[in-house]
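Taken together, the values in this text are just the output of simple stated rules run on the coordinates, not laboratory data. Remember, it's a predicted structure, so these values are computed and weren't measured experimentally. Virtual Cβ from ideal backbone geometry, glycine too; neighbours counted across all protein chains shown.
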Amino acid sequence: MQPSASPAQTSPRANLAGWLYVSPLVLVLVPFFVAPILVVLAASFFATDGFGGLTPGFTLASYVEILHSALTLKLYLATIKFTVLTWVFTLIIGFFVAYFLVFHVRNQLLAIGLFLLCTVPFWTSNIIRMISWIPLLGKEGLINQALLALGVIRQPLEVLLFSDLAVVIAYVHQLTIFMIVPIFNSMARIDKKLIEAAIDAGASRFDIMRLIVVPMSKSGIALGTIFVVSIVMGDFFVVKVMSGGGSASVVSAFYEDVGVLQYPNAAASAVLLTLVLVAIVSLILRTVDIRREITS
Amino acid sequence: MSAVTADMRDTIAPPSTKAIAPSKGNRPWTFYALATLFALYVLALYGPMICIYILSFQDIRGGLVFPMKGQSLHWFVDLFTQVRTGDVKGSFDRSIKLAVIVTIITVVISFLAGLGFRKRFWGDGVVFYMMIGSLVAPGLVLGLGTGLLFQALGLNASWYTSALGAQLSWTLPFGVLVMFAVMSRYNRAWDEAAYDLGASRWQTIWLVIVPVLAPGIVAVALFGFTLSYDEFARSLQTAGSLNTLPLEIWSMTLNVTSPSLYALGTVTTIISFIVIGASLGSIVLIQKRRGRAAEG
């Protein structure tokens, strides 16, 4: 135990000052994060008249319906499939892009410039970036045109757009940045002397990767994973648009439920999803002290 | 043995450079492999977006895919004059106004929270994890909860009340996290120096901390503006009867199949790029001025 890090030993004055500084943040998060979550939790126990009216009460009917429905399992399997595929691709691409920028680009200014080049699209519209795949992946899109011209295929490929493949492509396109930034941060903190020492001791590049770079990037990987997993599991519009309505995920079903005013069912499924998400995130948090990682 | 290490030392980068790769002489094959990966990533990142910008400049015969049919500004005019594409101009105005309000609030609250989190205080973990929760919670679920909450309280949902709050629940966690990164480089001895010279707490914040952290504060503003301007999932159930721009784009993706969708993508991306350029430009400018002041 480090005495300085223990909050129990802080003075009342420091507590008051701390709370004064964060009070505006709390005043926004309580009504717009805590309260809505509680409202959804409450709504999941309510009964509905089927027209959007909610009858306060306590019934587990919505949960029973959801847990008994074969659709729920299908939706979760689809969501997990998208999450795992997206996670694998964003991790591989994100890790090696970060590795390239930190360890292979010799000029630091150039490395920062290339890093910014990767981050700029993050600040633009996700929906626009998603629909920008249409001219490429469509039936008459560039990829089909190119493949036809090369004689690789005779018929245009239909699986490129409005398919599960398109959904995963759109996710990877949007979310790789969430892996690159935290992994880049952890890698940039690795002391280069450590790697020189490893080379001096006769380690191969693969050994350095396996024994130094990967273990020391773990916290970045964990942070990136939290971002990617929570965004994919909470997404509905990429699934809806890029699958052309052919696939659904937990939240896109939630969206349909809300559309037909089935609030209790939607709320129960949201509560279930939140529990799953909390379980996954806390599992990841056991491997890394996120707060120390971010604040120090 | 010593000859071997001496020989190796020549091929190892001196401590001042970033790369493990030798700073002189041949690059390892991994450099070329990863450079290719990086180039492909950047191509996939920007390629599709560039396609839709080009396609938005077609004439009236234009379609959603290549080849390009003529060149004109037809679809941009169409976007702002046609009724069938919806109220683009109005939603544009609202989104910009909302983004400005969100930016100001995000900067102020994130800055104060950043100051608060510099010291441990009783209950700081609760606030921290509340913030992380707000970041990873599915946006659509939070939006629905906020919408239902307003309904239950008998308040009308609108873009400047419920949607404003819902967007802050998204921009504030990012703002505070960026603030953490910025604060970690702030030396607390500068505070002490200011106090020793007779500065009050507010003078220290206003005359020392704010100017020192100015580039980071600009970065928080960049996050606040762009995340709000492009925010979609949390606004969907909270914006009330008048759409913001991403909601307008969303309804267009579902029913408009002309290049005016691409034109809207081009326009909104130009706005984003102007904001990104102005932010990054002013950060560079501040740093440069500092460099000159330090030299002179």
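Here are the numbers for the structure shown:
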item: Filter result for B:Leu73 (surrounded by 18 or more Cβ atoms within 10 Å (Cβ to Cβ) and in contact with a helix residue (DSSP H, G or I) (Cβ under 9 Å, 6 or more places away or on another chain)); result: no
item: Residue in the range B:46-74 that is nearest to the other protein chains (Cβ to nearest Cβ), counting only those that are part of a loop (DSSP other than H, G, I, E, B) and among the small types (Gly, Ala, Ser); result: B:Gly63
item: Only listed residue being surrounded by fewer than 24 Cβ atoms within 10 Å (Cβ to Cβ) and of a type in the set (Val, Ile, Thr), chosen from B:Ile105, B:Ile109; result: B:Ile105
item: Test for B:Leu177: is it more than 8 Å from chain A (Cβ to nearest Cβ), surrounded by fewer than 22 Cβ atoms within 10 Å (Cβ to Cβ) and under 26 Å from A:Val251 (Cβ atoms); result: no
item: Helices (runs of 4 or more DSSP H) fully within the range B:194-296 counting 3 or more residues that are under 17 Å from the mean Cα position of the chain (by Cα) and surrounded by fewer than 15 Cβ atoms within 10 Å (Cβ to Cβ); result: B:260-295
item: Identity of the residue in the range B:76-103, hydrophobic (A, V, I, L, M, F, W, C) and free of Cβ contacts under 8 Å to residues at least 60 places away in the same chain, that ends up nearest to the other protein chains (Cβ to nearest Cβ); result: B:Phe80
item: Any chance B:Asp124 is more than 17 Å from the chain's Cα centre (by Cα) and more than 28 Å from B:Thr266 (Cα to Cα); result: yes
item: Only one of A:Val167, A:Val120, A:Val97, A:Val105 that is of a type outside the set (D, E, K, R), within 30 Å of A:Ile221 (Cβ to Cβ), crowded, with 21+ Cβ neighbours inside 10 Å and without any contact (Cβ under 8 Å) to a residue 24 or more places away in the chain; result: A:Val105
item: Check on A:Ile212, surrounded by fewer than 22 Cβ atoms within 10 Å (Cβ to Cβ) and within 14 Å of the chain's Cα centre (by Cα); result: no
item: Tally of residues being outside any loop (DSSP other than H, G, I, E, B) and among the hydroxyl-bearing types (Ser, Thr, Tyr) across the range B:180-193; result: 0
